[in-house]
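Structure first, commentary second.
The values are calculated or read from the model by the stated rules, or taken from the named source; none is laboratory data. Because the structure is predicted, anything quoted here is derived from the model rather than measured. FYI the Cβ positions are ideal-geometry reconstructions off the backbone, even for glycines, and counts take in every protein chain you see. For accessibility, only protein heavy atoms count, side chains too; no ligands or nucleic acids. Shrake-Rupley method; radii C 1.70, N 1.55, O 1.52, S 1.80 Å.
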Amino acid sequence: GDLDKVVNLLLSLSGRLARVESALGSLGPHASAEDKVALREKQRLLVAQLEDAKELKEHVGRREEAVGAMVARYLPTEHLQDYQHFVKMKSALIAEQRELEEKIKLGQEQLRCLRESL
């Protein structure tokens, strides 16, 4: 459960940071100083939060290793391999699910814009 939460947090923060950096890059020369300062402050906060989330992921990784060592004492080799595969794939699948959700969201937004333009 913690792995899910941390991976989702990392993905969310990374996405938000990318959007803020994109917004900063798209600011024109006539953008107000207030807008630039606000976006830079948001960027700074997101970078700090992302670093904290990475530390959390490391902590969860250490806990995962400890749990894996305990589980290894009680499971037969075949079941242990299944468990290890499950843990590895879970993070990858969460990331893939999040990416697909973002693509669906983008497609829906593009579809809405097309409908409005007609």
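Brief remarks on what is shown
- Matching option when the condition is over 22 Å from Glu102 (Cα atoms), surrounded by 11 or more Cβ atoms within 10 Å (Cβ to Cβ) and among the small types (Gly, Ala, Ser), among Ala33, Ala18, Ala38, Ala23: Ala38
- Within region 78-92, the set of residues being within 14 Å of Lys5 (Cα to Cα) and loosely packed, with under 12 Cβ neighbours inside 10 Å comprises Ala92 only.
- Set side by side, the residues His85, His59 differ, and just one is in the same structural domain as Leu106 (by the TED database) and farther than 28 Å from Leu106 by Cβ, which is His85.
- Matching entry among Gln97, Gln49 (being touching a Leu at 6+ places or on another chain (Cβ under 8 Å), assigned to a helix (DSSP H, G or I) and not basic (Lys, Arg)): Gln49
- Residue-level analysis places Asp4 outside the set of residues that are open to solvent by less than 100 Å² (accessible area, probe 1.4 Å) and without any contact (Cβ under 8 Å) to a residue 12 or more places away in the chain.
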